[in-house]
1. Give the distance, in whole Å, between the Cα centre of the range 173-195 and the Cα centre of the range 115-139.
2. Given R₀ = 25 Å, FRET efficiency for LYS18-LEU158 by Cβ-Cβ distance, to 0.05?
3. Using the Cβ atoms and a cut-off under 13 Å, what net charge is assigned to the surroundings of LEU207, where Lys and Arg are +1 and Asp and Glu are -1?
4. Please arrange ILE30, ILE20, ILE206 by how many other C-beta atoms lie within 10 Å of their C-beta, fewest to most.
5. Want the number for LYS9 to LYS266: 0.36 nm per residue separation, take away the alpha-carbon distance, what's left?
6. First select every other residue whose beta carbon is under 10 angstrom from the beta carbon of THR59; then total the charges, Lys and Arg +1, Asp and Glu -1.
7. Can you tell me how much longer the chain between ARG178 and GLN222 gets when fully stretched, taken as 0.36 nm per residue apart minus their C-alpha distance, in nm with one decimal?
8. Tell me, what is a quarter of the convex hull surface for the C-alpha atoms of the range 176-216, in nm² with one decimal?
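Computed from the coordinates by the stated procedures, all read-outs in this text should not be read as laboratory data. Computed from a predicted model, the values in this text were never measured in an experiment. Counting neighbours? That spans all protein chains shown, and the Cβs are built from the backbone with ideal geometry, glycine included.
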Amino acid sequence: MAAKYNFDKNLLKLSRAKSIEEAKEEWYVIDETTLATQSAICICSRKIKEVTYLYNHFTEKTIIAGSRCCKKFNMLSRSLGKNMYTTILREFLKKGEYVIIDDIIEYSANVEAILIKRCEYRFESYKNSSHIFNLDKLKDEIIEMETIYGITYLNHLLVLIDASIKEIHKKNEEEVKRIKELREAIERAEEQAREEAQKAAEAQEILRAEARERAKQEADAQERVIAEAREAAQRVLDAELEKKRRLKLEHDEAKRVADEKKRKEKEERIALLPTLTCINCFKVFKDSPCRSTSCCSLRCELTKYP
């Protein structure tokens, strides 16, 4: 009876409910462990070796109960999930530093301080990041602890987290705007560079076209000069040929005239010759052909004139 009395009295002292049956519904199992010796004290004041840690989310108190009391008073039906708060509770309870109720009450305040410190440390490490994932996760964990366990002493962090998320959103928006403006500036610069390159290419093409046109004009001029030179040379050649032709005609005409003159003179001389005269050497013979060795012909022909 003493054990039961101490169990009920001590449990109600740390619970919100006034009846023992309602009070037992407030407590959740955090963790279970077995010690090397009976160095722990159950909430019923008995020394125990098999330890069960329980947490009241209304009063935020933690107690130790032995396995026999837990089974006897049906304290094992409710269990806490795994989150940051229960992890801290388990870490401290496993150290075995709190074995009596007075120490456990002090322990609850220490857990609160450690939880605040851990959350603030995580917040400080996340707030300067450009991503809000970790801050959202921390925010969800704090809201979960407030919803499930009624923890309200972390609400100031929710305000800071929301402000940091808003600031990160603002920075991200400014960064997106800056990147957009930078991208637009780069695109404008690229477009300007393309236009300048196009203009330069067009100018180069114009210069090349002008150079081709000048080269063509120079080639045409050279062709004209060559053609004119050829025409001039042809004219000179034609003039020379015409000159030679005229000279030849004049020569032929002079030769014809000379031959005609000689023929006439010869005919005139022949007309003045005696009856028998060599028509080649004009020697006079009586009745026989010329046999003179000085005759211009091996056989002279005689012409008899009347």
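1. What the calculation gives is 34 Å, centre to centre.
2. FRET efficiency, LYS18 to LEU158: 0.15.
3. Combined, the nearby Lys, Arg, Asp and Glu give 0.
4. Taking fewest neighbouring Cβ atoms as first place, the list is ILE206, ILE20, ILE30.
5. Numbers: separation 257, 0.36 × 257 = 92.52 nm, distance 18.87 nm.
Full-extension gain reported as 73.7 nm.
6. On the way: positive: LYS13, ARG16, LYS61; negative: GLU26, GLU60.
For residues surrounding THR59, the net value is +1.
7. Extra length from ARG178 to GLN222 when fully extended: 9.5 nm.
8. If you wrap the Cα atoms of the range 176-216 in a convex hull and average its projections, you get 2.1 nm².
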